[in-house]
């Protein structure tokens with residue numbers, strides 16, 4: 001099962017490598033990983049998408065909690081939550097294709113953020129599923145380059161992950 | 001406020017932490033620190049002959065005393081040589097602080113001379129690590145390092161110190177922090193009251209209980225409480241390899257060690273148990289055999305200070321996260337406050353069944369090995385040493401058959417007496433560990449049980465024993481082969497002895513011991529075993545290397561059947577299986 005684990009950790013050198021190292025050391029999967037400092041500069045927030053059954057996820061969260069740099073964590077997929085990923089894609093756009101791509105971008109509520117006579121750079125935000133669907137709609141032959149941010153997430157409602 | 005250089009700060013912080021002993025080896029990046037050590041009196045530094053020896057010696061010191069072992073090494077090869085010892089301590093949850101010199105900050109990442117990324121190298125085998133960026137941070141980092149190493153589930157902590165940080169020309173105000181606040185580290189304390197009450201109720205309902213106690217009971221100082229609990233309930237107790245001594249080995253309720261080379265009665269009782277109380281044990285694969293076949297009818301209570309150990313391989317029915325001491329004492333209080341006792345007739349029946357197993361195949365009701373051959377049996381050597389030392393020695397061990405014979409036949413009545421590398425299985429551990437123990441307890445008998453294979457992995461420490469006059473006994477069960485490897489090759493590879501024999505290349509250990517200034521004793525014949533052992537152990541003031549030639553064909557039994565065996569599936573001899 002796909003899980004989104006959100007981690008608050010000390011914003012110190014080596015902290016990220018401990019988290020990543022734990023995953024490779026214990027044979028856990030990382031589907032995606034994003035990390036950046038929070039409003040409190042001493043803390044980083046890391047979001048990671050992983051796949052595993054309940055037993056594996058329990059072990060992952062326990063072992064993450066054991067890392068000295070990890071302050072708190074939450075499995076966002078346990079409750080209702082919002083997840084977003086940012087996609088930027090360079091798309092071949094010549095002649096009639098230009099309108100076609102533009103329509104797709106509008107349907108997916110994306111934005112064209114850069115243009116040349118032959119291509120568009122498109123930005124789309126949403127769930128990973130939505131981004132997959134957008135890429136599929138564009139079609140393989142029009143795509144020149146894809147970059148995705150990995151998933152970030154936050155719980156719905158008044159629940160917060162903070163110190 | 002006093003102004004100190006980084007090197008002096010480091011040593012002062014160790015003093016303020018109460019450290020009086022360091023095991024180490026100097027080198028370029030650590031020289032400022034070594035100079036600071038030279039200019040003080042309260043910390044004794046033991047110069048080993050190899051950094052691996054430093055870590056094992058500090059480890060032996062830590063295991064026997066419960067204090068934090070401290071190691072100081074230089075950068076590069078000094079640091080990487082320490083890795084095996086750090087991993088050994090990590091696997092057995094031993095508190096240790098390893099200070100490694102590092103190249104100067106401006107050289108880090110440039111592949112400088114003797115540079116290695118120690119924080120990176122050691123990352124998977126430490127509880128935590130620090131790279132010191134500024135001298136001002138030294139006191140706080142040292143304070144944190146000791147706190148982390150010795151609380152919760154203990155473990156090794158690496159502090160990597162670039163040379164410029166210890167520069168004697170730059171001085172900073174020194175103050176050792178009195179208190180620490182770490183928002184990201186709160187080791188477990190008391191167990192959950194509701195869980196403890198549930199556990200007590202389950203224990204009281206048990207008809208075929210077994211207490212399965214591990215190294216956490218030794219480390220967590222829970223031996224007395226565990227013993228009281230077992231006696232009060234009249235429950236049988238088995239210890240893991242790491243837990244030997246957690247419950248008195250010569251007590252009638254003790255079933256012996258469990259697991260791969262555990263006793264028939266311990267493994268069989270576990271298999272048939274209806275309630276298992278696991279305390280400070282981690283259901284290691286050398287204990288459980290095939291997890292899906294592990295103790296099919298048992299409800300499991302699991303007490304551990306590390307939540308990640310609970311339900312890792314075997315799912316616990318009643319998990320309790322907390323220190324062994326607090327949880328066991330709360331359990332005892334709950335038991336004492338009620339009048340309930342387990343069903344005595346069921347417990348009596350259970351003991352009758354266990355005694356029957358003991359009679360049939362128990363290691364201690366009759367010798368389960370050949371007693372009328374011409375050759376010395378390794379089991380007899382351990383039994384003789386147990387008698388001579390009156391069961392009161394500190395016994396360190398290397399890894400292999402001799403380790404299992406020692407675990408089976410030396411009965412440890414006290415915790416912290418049996419010192420071996422259980423988790424990592426590090427050959428070469430025994431001798432330096434024995435030196436660490438001897439420094440802690442100069443008046444006690446310290447015996448290193450080893451083999452001719454293991455001893456050669458850290459034999460250079462014989463020289464350390466000379467320099468610091470550490471009269472330990474080295475008991476080498478010499479079977480002229482890598483015995484445990486050979487045993488597996490004979491059992492599982494049709495006797496193809498791939499690289500497990502030395503082809504007449506073994507040194508003369510008596511001469512070797514003498515070359516280091518020690519006494520060497522060779523024992524080859526059965527009839528001279530007791531006399532020569534007595535003589536060797538009568539040498540209180542010298543390191544004695546006792547090289548005992550034992551039956552090279554002997555195997556360690558019982559041995560659990562692998563793969564796909566359950567706890568109770570064992571080989572009892574070369575020809576007999578359960």
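Here, each number is a calculation from the coordinates, and none is a lab measurement. Being a predicted model, the structure only gives us computed values, none of them experimental. Positions of Cβ are generated from backbone atoms using ideal geometry, with glycine treated the same way; all protein chains shown enter the neighbour counts.
Distance between the pseudo-spin-label points of residue A:25 and residue A:40 (7 Å out from Cα toward the beta carbon): 2.5 nm. Relative intensity of chain B on a log10 scale, I(q)/I(0) at q = 0.09, 0.12 Å⁻¹, equals -0.71, -1.18, per a Debye sum over C-alpha point scatterers of equal strength in the absence of solvent. Here the gap between residue B:466 and residue B:31, fully extended at 0.36 nm per residue and compared with their Cα-Cα distance, gives a gain of 154.2 nm.
Residue exposure proxy: A:149, B:500, ordered by other Cβ atoms within 10 angstrom of their Cβ from fewest to most, comes out as A:149, B:500. Maximal additional length on extending the residue B:182-residue B:167 stretch stands at 2.5 nm, based on 0.36 nm per residue less the C-alpha distance. Over all projection directions, the Cα-based convex hull of the stretch B:73-209 averages an area of 11.6 nm². From the alpha carbon centroid of the stretch B:480-549 to that of the stretch B:335-377 is 33 Å. Fewest-first ordering of B:122, B:463 by other beta carbons within 10 Å of each residue's beta carbon gives B:463, B:122. With one equal scatterer per alpha carbon and no solvent term, the Debye-computed log10 I(q)/I(0) for the stretch B:128-178 at 0.28, 0.29, 0.30, 0.32 1/Å reads -1.09, -1.13, -1.17, -1.24.
Taken residue by residue and averaged, Cβ atoms of other chains lying within 10 Å of the Cβ of B:128-135 number 2.
Per-residue mean of foreign Cβ neighbours for B:307-317 is 3 (Cβ atoms of other chains, 10 Å radius). If the segment from residue A:111 to residue A:136 were pulled out straight at 0.36 nm per residue, it would be longer than the present Cα-Cα gap by 7.3 nm.
Helix-only arithmetic for chain B: the sum of -39500 (n - 2.57) across DSSP H runs with n ≥ 4, divided by the residue total, places the mean residue ellipticity at 222 nm at -10500 deg cm²/dmol.
With the cut-off at 15 Å, report for the stretch A:82-152 the share of all Cα pairs above it, as a whole percent. The answer is 46 percent, as a whole percent. For the stretch B:165-230, the C-alpha radius of gyration sits at 2.04 times the compact-globule guess of 2.2 N^0.38 Å, with N the residue count. The simple spin-label model puts a point 7 Å past each Cα toward its Cβ; for residue A:12 and residue B:336 those points are separated by 4.1 nm. When each of the peptides B:367-375, B:8-16, B:187-195 is scored by how many other beta carbons lie within 10 Å of its residues on average, the order from highest to lowest is B:8-16, B:187-195, B:367-375.
Our compactness index for the stretch B:378-556, the C-alpha radius of gyration over the empirical 2.2 N^0.38 Å, is 0.96.
Of the peptides B:72-80, B:226-234, the order by per-residue mean of other Cβ atoms within 10 Å, starting with the highest, comes out as B:72-80, B:226-234.
Protection proxy ranking of B:441-450, B:566-575, B:47-56, A:154-163, by the mean of other Cβ atoms within 10 Å over each peptide's residues and highest first, is B:47-56, B:441-450, B:566-575, A:154-163. With the cut-off at under 18 Å, measuring from each backbone N in the stretch A:141-163 to a point 7 Å along the Cα-to-Cβ line of residue A:125 picks out A:147-157.
For the pair residue B:16 and residue B:496, a Förster radius of 51 Å applied to the C-beta separation gives a FRET efficiency near 0.30, rounded to the nearest 0.05. For residue B:535 and residue B:290, a Förster radius of 45 Å and the Cβ-Cβ distance give a FRET efficiency of 0.45, rounded to the nearest 0.05. The alpha carbon gyration tensor of the stretch B:193-361 gives principal lengths a ≥ b ≥ c with a/c below 1.5, which makes the shape rounded. Computed over the alpha-carbon atoms, the stretch B:521-578 gives an Rg to Rh ratio of 1.24, Rh here being the Kirkwood radius from the mean inverse distance. With neighbours defined as other Cβ atoms within 10 Å of a residue's Cβ, the residues B:174, B:549 order from fewest to most as B:549, B:174.
Projected label points at residue B:441 and residue B:41, each 7 Å from Cα along the beta carbon direction, are separated by 3.0 nanometres.
Placing a label point 7 Å from the Cα of residue B:207 along the Cα-to-Cβ direction, the residues of the stretch B:343-375 whose backbone N falls under 18 Å of that point are B:343-355. Spatial offset of the stretch A:82-101 relative to the stretch B:42-57 amounts to 64 Å, using the alpha carbon center of each. Seen from every direction in turn and averaged, the convex hull around the alpha carbons of the protein assembly as shown projects onto 38.9 nm². Please work out whether the stretch B:292-413 counts as rounded, prolate or oblate from its C-alpha gyration tensor, where a ≥ b ≥ c are the square roots of the eigenvalues and a/c under 1.5 means rounded, while otherwise a/b larger than b/c means prolate and anything else oblate? Since a/c reaches 1.5 and a/b is larger than b/c, the shape of the stretch B:292-413 is classed as prolate. Every helix of 4 or more DSSP H residues in chain A counts as -39500 (n - 2.57), and over all residues that averages to -9000 deg cm²/dmol at 222 nm. For a modelled paramagnetic label at residue A:88, 7 Å from Cα along Cα-to-Cβ, the residues of the stretch A:96-110 in reach, with backbone nitrogen under 16 Å, are A:110. Expressed in units of 2.2 N^0.38 Å, where N is the residue count, the Cα radius of gyration of the stretch A:2-79 is 1.01.
For the segment A:58-70, counting C-beta atoms of other chains within 10 Å of every residue's C-beta and taking the mean gives 4.
Size descriptors for chain A, from the alpha-carbon set: Rg then Dmax equal 18.5, 57 Å.
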